[in-house]
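A short reminder: the numbers here are calculations on the coordinates, not readings from a lab. Every value quoted in this text rests on a predicted model; they were computed, and no experiment measured them. Heads up, the Cβs are rebuilt from the backbone with ideal geometry, glycines too, and the neighbour counts pull from every protein chain shown.
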Amino acid sequence: MNIDIATTWQANPEWIVEHLRWTIFPQEPLDLNNTNVNTWWSDVTQKEADSTSQTKIHGIPQHQALGDIDEDTRLSLLVRPFDYTWQFMPNTKLSATIAVPVVGFAPMIMPILSECLRKSIHDTSPKASRLALGGAFFLKTDNREVAYEQLNELLKPWVKLDASRSSDFSYIINRKRQSTVIPTLSLNRLAEWGAVTTNVQWKSLPASTSFEVNSYFVRVGIDINTDPTAGTQLFEPPQQLEILFELLELGKEIIARGDIE
């Protein structure tokens, strides 16, 4: 299976990334005293992070680096002893237009994700016991009814909705697959489908006139990961990269083709 990025978004180029992240669970706990998150961040972005921090949450230390990849894309790295997560951060300008935090349009963000994935794994990366990639995506529609018609297309033949009378719909399913990289490895393909309405209100001064706009979206959240219940499995850095790209391909397949087995 190899789904070209451009082809994935060609049919619906208006897919918007709500959030997007990938997480690596190291085999052994990381020594944060000897972990330079700014170096990790610059290896991926080829620049210095805008900020770094060191804190403790419930007694667990965590280090974070945060900065801009370009003028529209912001990336965070959060490192804890038992996992480290790369996450794209919301685009403030775009988020304001639809009243929810979003990263950017998928045709722009997904190629950046591929490049960041490739640079985040190298020969000296820690061995991993588990890998995960997750996110959520919006597809703008003309109205609520069209959103439900679109859901019907993405979820057939498993789900049939009455588009004219349906509301508050949520559908969650995990359709496991065996890895093509490691055939004995089971991969979770969790997807959550629904329809979302957002409301944006504007007020002009000094006249104090106001107006509001409703926007309607199909939303799908994905969590693609190596099955933690499948027993002990250790991934060397080259395998980590192969599997992360496999997880990405599986996620793209869900977005492009809907709820398929």
Any idea what the dipole of the range 89-170 comes to, in debye rounded to 20, about its Cα centre with Lys/Arg Cβ at +1 and Asp/Glu Cβ at -1? 320
Here the Kirkwood hydrodynamic radius of the range 9-130, Cα-based and in Å, equals 15.4
If you put +1 on each Lys and Arg Cβ and -1 on each Asp and Glu Cβ, how big is the dipole of the range 39-163 around its Cα centre, in Debye rounded to 20? 460
Once you wrap a convex hull around the alpha carbon atoms of the range 25-72, what is its projected area averaged over all directions, in nm²? 4.4
Measuring from label point to label point, each 7 Å out along Cα→Cβ, what is the E28 to V213 span in nm? 5.5
Pairs over 27 Å Cα to Cα, from K47/K93; K47/K176; K119/K156, come to K47/K176; K119/K156
Sites Q54 and H19 - FRET efficiency at Förster radius 35 Å, r taken between beta-carbons, to 0.05: 0.90
Considering only the other residues whose Cβ falls under 11 Å of the Cβ of I60, what net charge follows from Lys and Arg at +1 and Asp and Glu at -1? +1
Once you wrap a convex hull around the alpha carbon atoms of the chain, what is its projected area averaged over all directions, in nm²? 16.8
Which length gain, in nm to one decimal place, applies between T198 and H122 when the Cα-Cα distance is subtracted from 0.36 nm times their residue separation? 23.2 nm
Per principal axis, largest first, the Cα atoms of the range 71-182 extend in Å by 55, 39, 24
